[in-house]
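Quick notes on the structure that follows.
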Amino acid sequence: MRTITKTLDFNTEGPSVVTLGKFDGIHRGHCKLIDSVLEIGKNEDLETVLFTFDVSPAVSLEHQKAQMLLTAEQRRHYIGTLGIQTMIECPFVPEVMHMEAETFIRRILVEQLQAKILVVGTDFHFGHGRRGNPQMLERLGKEYGFRVIVIDKVMAGVREVSSTYVREELKKGNMEKVNALLGYTYSIIGEIVHGHQLGRTMGVPTINQIPDMDKLVPPRGVYASRTRIEGQEFYGITNIGVKPTVPEKFVGVETYLFDCNQDLYGKQAEVMLYHFQRPEKKFESLEALRRQLALDEQHGRKYFETLEA
């Protein structure tokens, strides 16, 4: 996949089919848009393009803290696995921030992206003041020579699948629901770093990660997890938090990998969270912590045995 970022000077290599949006999380609704783009691109011999911004407009306009389901690196990697040919992360700079919707259509979509077909959701808005919408695209498409396909929302029961819905469930620690909405398992990716090595002295050696500061993580506590490291996969339990029994100065991710005693420092690990087991707790002693970790391991192993049964 060709990824273009940090510039407004971008162009496609030929006529294209384009989908546009925030694409945080790449949930089942996003995948419906992308699947449509891929099918059209194949059938009509058009370059497949995903257009998004390098930061959420809400972060810039409303000065919100970035709380992303996927880091920028994760998002690029995942979209690349889906088969999109070109991904554009447009800088959300003042020139773009104040661009009128009609100017965006003419300059960006028609002149730079050579769009012949646009694929958008029913609630898609763009341009200064969010004046642009699917109806404007359809009207101006007749003038500029592109077609617009509006895709209905994917539903989860009576509610639409959305990044907002995923975030709500993630903040509850409801990983089963989060993963069902995403269509894949929520994960945290990062380099394995040195910790206190306390777990090793207690017979439960762990790997430690520091999550990206913009990454939205679930509530502090212990989760049943599966970790992928350089092609190997391990079941385990993961603690997200500040380790109140042995205080840290930051929220970290510590994972005990079942049946693994390898030296993994410096390697990249993807920790996938499946099930919330218990909230974070401060223990009276290291011995009490040791006993709880044994129960956590038992719970985690039983969870995955049941899942695979």
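The values are calculated or read from the model by the stated rules, or taken from the named source; none is laboratory data. Everything quoted here is computed from the prediction, not taken from an experiment. Using ideal geometry, Cβ is built from the backbone for each residue, glycine included, and neighbour counts are taken over all protein chains shown.
Within region 17-24, can one find any residue that is within 17 Å of the chain's Cα centre (by Cα), closer than 30 Å to GLU191 by Cα and part of a strand (DSSP E or B)?
Taking every residue of region 17-24 in turn, none turns out to be within 17 Å of the chain's Cα centre (by Cα), closer than 30 Å to GLU191 by Cα and part of a strand (DSSP E or B).
Starting from residues that are of a type in the set (D, E, K, R) and surrounded by 11 or more Cβ atoms within 10 Å (Cβ to Cβ), keep the ones in region 292-309 and report whichever is nearest to ILE240 (Cα to Cα).
Among them, the one singled out is ASP296.
Taking ASP24 and the conditions (1) at pLDDT 95 or above; (2) closer than 27 Å to ASP152 by Cβ; (3) among the acidic types (Asp, Glu), which numbered condition does it fall short on, given that it satisfies the others?
(1)
Of everything in region 268-285, what is surrounded by 13 or more Cβ atoms within 10 Å (Cβ to Cβ) and either more than 31 Å from the chain's Cα centre (by Cα) or not in a strand (DSSP E or B) (or both)? Give them in sequence order.
Residues satisfying the conditions are GLU280, LYS281, PHE283.
Could you tell me whether THR122 is without any contact (Cβ under 8 Å) to a residue 40 or more places away in the chain and either crowded, with 21+ Cβ neighbours inside 10 Å or within 29 Å of GLU44 (Cα to Cα) (or both)?
yes
For a quick check of your reading: which helices (runs of 4 or more DSSP H) sit entirely within region 67-174 and have at least 3 residues that are within 30 Å of GLU191 (Cβ to Cβ) and modelled with pLDDT of 95 or more?
Answer list for region 67-174: 72-82, 163-172.
All but one of (1) surrounded by fewer than 18 Cβ atoms within 10 Å (Cβ to Cβ); (2) under 25 Å from THR19 (Cβ atoms); (3) more than 13 Å from the chain's Cα centre (by Cα) hold for GLU191; state the number of the condition that does not hold.
(2)
Could you give every pair whose Cβ atoms fall below 8 Å, whose first residue belongs to region 26-42 and is free of Cβ contacts under 8 Å to residues at least 60 places away in the same chain, and whose second residue is of a type in the set (Asp, Glu), counting only separations of at least 6 or pairs across chains?
Going by the 8 Å Cβ cut-off, the qualifying pairs are GLY41/GLU47.
Sort out which residues of region 84-107 are free of Cβ contacts under 8 Å to residues at least 12 places away in the same chain and either within 16 Å of ASP9 (Cβ to Cβ) or charged (D, E, K, R) (or both), and write them in order of number.
ARG107
Please state which of the following conditions LEU293 fails to meet, knowing it meets all the rest: (1) over 15 Å from ILE192 (Cα atoms); (2) assigned to a strand (DSSP E or B).
Failed condition: (2).
Counting only residues that are aliphatic (A, V, I, L, M) and either without any contact (Cβ under 8 Å) to a residue 60 or more places away in the chain or in contact with a strand residue (DSSP E or B) (Cβ under 6 Å, 6 or more places away or on another chain) (or both), how many does region 157-177 have?
2
The conditions are (1) modelled with pLDDT under 95; (2) surrounded by fewer than 13 Cβ atoms within 10 Å (Cβ to Cβ), and LEU264 fails exactly one of them. Which is it?
(2) is the only condition that LEU264 fails.
Where residues in region 134-147 are surrounded by 13 or more Cβ atoms within 10 Å (Cβ to Cβ) and touching a residue at least 24 places away in the same chain (Cβ under 8 Å), which of them is nearest to LEU20 (Cα to Cα)?
Per the criteria, the residue is LEU137.
From PHE53, PHE23, PHE10, which residue is in contact with a strand residue (DSSP E or B) (Cβ under 8 Å, 6 or more places away or on another chain), of a type in the set (Phe, Trp, Tyr) and farther than 20 Å from THR164 by Cα?
After applying the criteria, what remains is PHE10.
Name the one entry in GLU280, GLU284, GLU270 that is more than 14 Å from ARG220 (Cβ to Cβ) and at pLDDT below 95.
Checking each option against the conditions leaves just GLU284.
Going through THR227, THR306, THR245 one at a time, which residue ends up being at pLDDT below 95, closer than 26 Å to ALA180 by Cβ and among the polar types (S, T, N, Q)?
Only one candidate qualifies: THR306.
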